[in-house]
Amino acid sequence: MEGTSQKLKKPLMKMSTHEAIWGYVFLSPWILGMIFFIGGPIIASLILAFCRWDLITPPEFIGLDNFIKIVGDPKFWKSLYNTFYYTIFAVPIGIVGSIIVALLMNQKWKSVRLLRTIYYLPSVTAGVASAIIWMWLFNPDFGLINYFMGKIGIKGPLWLASEEWSKPALIIMSLWGVGGNMIIYLAGLQGISRQLYEAAEIDGASIWEKFWNITLPMLSPVIFFNLIMSIVWSFQIFTQVYVMTQGQGGPADSTLVLVLYIYQKAFKFHQMGYASALAWVLFVIILIATLIQFRFSKWVYYEGELKK
């Protein structure tokens with residue numbers, strides 16, 4: 001019997017090794033792309049962060065000068081403030097809006113599939129196209145938003161031409177893409193057992209009590225995932241701001257977000273070393289924000305915990 005089992009193990013080991021080899025073969029394009037197109041630039045940017053480089057002359061090592069310069073750079077602090085402003089308002093509004101839309105799209109309506117598609121389509125629209133559409137909507141002279149506000153007797157603001165309303169305009173525009181997160185929330189909602197709601201109904205729970213005690217706890221892992229991804233994305237907002245302000249971040253730097261400032265330093269002013277240092281500062285900020293979320297993630301409940 002032992003000899004037979006050993007004979008069976010050898011073909012199985014050969015088969016698993018053969019499958020592993022082919023697995024790595026199929027993964028090789030991604031692995032090579034990761035090494036050369038992502039890993040390489042990451043290492044290069046880390047080295048350049050300690051250098052002065054204008055893209056023409058050879059890089060010159062200057063130590064921590066770029067990072068010291070960042071501390072005294074008023075435009076850096078302005079761009080960081082604008083980025084935090086956008087994140088603090090856009091992320092919660094986007095999460096709440098996505099959950100509300102997902103709850104509505106989880107109902108058994110006749111045309112619910114069509115509505116789901118309509119809500120999801122904007123999230124796959126090219127960022128440049130979306131920005132151009134919203135530039136037209138926010139136009140203070142002939143934009144549709146101010147036009148309809150005028151119809152009800154309200155004078156519309158200048159939106160992107162105003163320091164006061166430029167950042168709120170970007171936050172309003174961020175709601176355009178709630179369909180992407182809506183799909184994830186919808187999948188989470190449909191994964192909640194119907195038996196939990198039936199048990200709550202037997203106990204006489206109201207709609208609000210079912211939402212607060214069943215839906216939110218069971219949906220919390222999905223909310224946590226979307227929260228992390230939304231914050232990471234919000235810190236990296238670039239395309240919309242670049243297109244809508246012609247790469248200037250105006251008016252008066254009111255929409256100058258951190259990634260746009262990095263772009264300006266790198267490709268407009270040819271300060272690639274300083275831009276690399278800014279990029280690593282942004283990385284550290286996003287890393288700290290993510291670690292803080294994991295540290296205070298006790299509000300996230302999983303099905304196994306709920307059963308206990």
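No lab work stands behind these numbers, since they all come straight from the coordinates. Since the structure is predicted, the reported quantities are computational estimates derived from the model, not experimental observations. We place every Cβ from the backbone using ideal geometry, glycine too, and count neighbours over all the protein chains shown.
How do W30, W233, W212 rank when sorted from fewest to most other Cβ atoms within 10 Å of their own Cβ?
By the 10 Å Cβ count, ascending: W30, W212, W233.
Please give the peptides 175-187, 132-144, 114-126 ranked by average Cβ packing (other Cβ atoms within 10 Å per residue), highest first, as a rough proxy for protection.
Going from most to least packed, we get 175-187, 132-144, 114-126.
With each run of n ≥ 4 DSSP H residues scored as -39500 (n - 2.57), what mean residue ellipticity at 222 nm is computed for the chain after dividing by its residue count and rounding to the nearest 500 deg cm²/dmol?
The helix contribution divided over the chain gives -21000 deg cm²/dmol.
Which one of P122, F235, I288 is farthest out on the positive end of the charge dipole of the chain, using unit charges on Cβ (Lys, Arg +1; Asp, Glu -1) and the Cα centre as origin?
P122
Looking at the chain, do any whole DSSP H helices span at least 27 angstrom along their long axis by alpha carbon and average -1.0 or above on Kyte-Doolittle, and which? Intermediate results must be reported in sequence, preceding the final value.
On the way: long enough: 2-33 (46 Å, -0.12); 74-105 (45 Å, 1.17); 216-235 (28 Å, 1.77); 272-295 (34 Å, 1.84).
Sorted by number, the helices that extend far enough and score high enough are 2-33, 74-105, 216-235, 272-295.
If you work out Cα Rg over 2.2 N^0.38 Å from the coordinates, which of (i) 1.04; (ii) 0.97; (iii) 1.31 do you get?
So the calculated entry is the one marked (iii).
Among the listed pairs K69/K265; K78/K298; K75/K155; K108/K298; K167/K298, which have their C-alpha atoms separated by more than 23 angstrom in this model?
Long pairs (Cα-Cα over 23 Å): K78/K298; K75/K155; K108/K298; K167/K298.
Which ordering of V112, V300 is given by a fewest-first count of other beta-carbon atoms within 10 Å?
Fewest-to-most ranking of V112, V300: V112, V300.
For Cα pairs less than 8 Å apart in space and 6+ apart in sequence, what is the mean separation divided by the residue count of the range 72-307, i.e. the relative contact order in percent?
About 27 percent, as a whole number.
Enter the Cα centre distance for the pair the range 75-140 and the range 166-218, rounded to the nearest angstrom.
One Cα centre to the other: 17 Å.
Say the dipole of the range 1-160 comes from +1 at the beta carbon of Lys and Arg and -1 at that of Asp and Glu; which of G33, H18, A131 then lies farthest toward its positive end?
Positive-most Cα among the choices belongs to H18.
Which value, in debye to the nearest 20, gives the size of the charge dipole of the chain about its Cα centre, when Lys and Arg are +1 and Asp and Glu are -1 at the Cβ?
620 debye
So for D73, D203, fewest C-beta neighbours within 10 Å to most, what's the order?
Listing D73, D203 from fewest to most nearby Cβ atoms yields D203, D73.
With unit charges on the beta carbons (Lys and Arg positive, Asp and Glu negative) and the dipole taken about the Cα centre of the chain, which residue among V178, L196, V300 sits farthest to the positive side?
Going by the charge dipole, the pick is L196.
Just how large is the dipole of the range 172-291 about the Cα centre, in debye to the nearest 20, putting +1 at every Lys and Arg Cβ and -1 at every Asp and Glu Cβ?
520 debye
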